[in-house]
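The values are calculated or read from the model by the stated rules, or taken from the named source; none is laboratory data. Nothing here was measured: the structure is a model prediction, and the numbers come from that model. Here the Cβ positions follow ideal geometry from the backbone for every residue, glycine too, while neighbour counts run over all protein chains shown. Keep in mind that these areas ignore ligands, DNA and RNA; they rest on the heavy atoms of the full protein, side chains included. Shrake-Rupley method; radii C 1.70, N 1.55, O 1.52, S 1.80 Å.
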Amino acid sequence: MTAGFTWYTYHTTEAQRTQIRNAFGQYLAPALVEQLAQSPEKLVLGGEERELTILFSDVRGFTAISEIYKDDPQGLTSLMNRLLTPLTNTIVDHEGTIDKYIGDAVMAFWNAPLNVPDHELQACAAALDMMGRLDVLNRERQEEAKSAGQPVLPFRIGIGINTGRCVVGNIGSDLRFNYSVLGDPVNVASRLEGQTKFYGVPIIIGSRTAAKAKEKFAILELDLIAVKGKTEPETIYALLGRDEITNDIRFQELRKLYSTMLDCYRSRDWEEALEAIELCRSAEHNFGLTAVFDLYRTRIQAFRGTAPPADWRGIFVAETK
């Protein structure tokens, strides 16, 4: 009886572990999958509330790229796999969980199903490394196109990252479900990814993420914004790099000048704000913020013609996703 019970228990446990490995093998790094398989009690099915960091990435100008392959759908599929594979591997390498692919977009999150200490930092590091791997892929494609005498459009992506309390678990119907995440921070992360086009920077992070990232990464406050679909404003930041930028004296000077510009802008001192923008341009040094300066100059010139309402607090209301 004891031997039979032991055999049954062993095979039941192994079947459970196999089920977990199959379920999460496409979402997590192998080491994390194995940890989950060995300790299935860490997996809470059906939904639990957690503090998560969420990342969305999307390809810029995908329509133009797809038009090149309008007569070669298999070629386009291969190209997208070639792009999504290194981006996915980067997320997994940084202990992220792949939620889903939405066409050419990727959604991922950190701190579920297993705890990920400093998940905000892991997400930021992943985003920067995704940009690095994208540069490598673009160089490879450029060399291939040059050898073949063919044109090539480089890949560009935008990334939005946000942190907050979410519900995570098996979400769907009785017939089909996915391990996924729901909550307002998810919607904000998606909106921040969309705003990268507007501000002309590749990575935008929310205030909760920035609070942890500021000690380890080079970040710069972009704006106080109410993203589409929300009334509460969110301070958003550009994620520009790691220590080599943070410790750069030129970046430190630019950050001071930019802070002065924001103060003048929010206090309606338009002339001083415009002067500060020009000083920022002089100190920019290839940090990729030219579009941000252009944006504020356009806004200020509009406000000089038509002043904002008396209750204006410097909040920009985004009309687009």
May I ask for the net charge around residue 146, where only other residues with Cβ less than 13 Å from the Cβ of residue 146 are counted and Lys, Arg are +1 while Asp, Glu are -1?
-1
Virtual spin-label span in nm between residue 248 and residue 266, 7 Å along Cα→Cβ
2.5
Between segment 252-303 and segment 55-132, what's the alpha-carbon centroid distance in Å?
32
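Probe radius 1.4 Å, ligands and nucleic acids ignored: give me the carbon and sulfur share of the accessible area of segment 185-266 as a rounded percent.
Details: 1660 of 3550 Å².
Of all accessible area on segment 185-266, carbon and sulfur atoms account for 47 percent.
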With labels modelled as points extended 7 Å from the Cα through the Cβ direction, what inter-label distance (nm, one decimal) is found for residue 256 paired with residue 139?
3.5
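Pop the C-beta distance of residue 60 and residue 118 into the FRET formula with R0 = 30 Å and round what comes out to the nearest 0.05. Don't jump to the answer; show the numbers that get you there.
On the way: r = 29 Å, r/R0 = 0.97.
Plugging the Cβ-Cβ distance into 1/(1 + (r/R0)^6) gives 0.55.
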Result for segment 164-272: accessible area per residue, probe 1.4 angstrom, in square angstrom, of 49
May I ask you to give the solvent-accessible area per residue for segment 273-321, in square angstrom, as obtained with a 1.4 angstrom probe?
58
Counting sequence-distant residues (5 or more places) and residues on other chains, those with an amide H built under 5 Å from that of residue 203 are 159, 239
Among the listed pairs 100/256; 70/230; 70/228; 100/146; 100/216, those beyond 30 Å (Cα-Cα):
100/256; 70/230; 70/228; 100/146
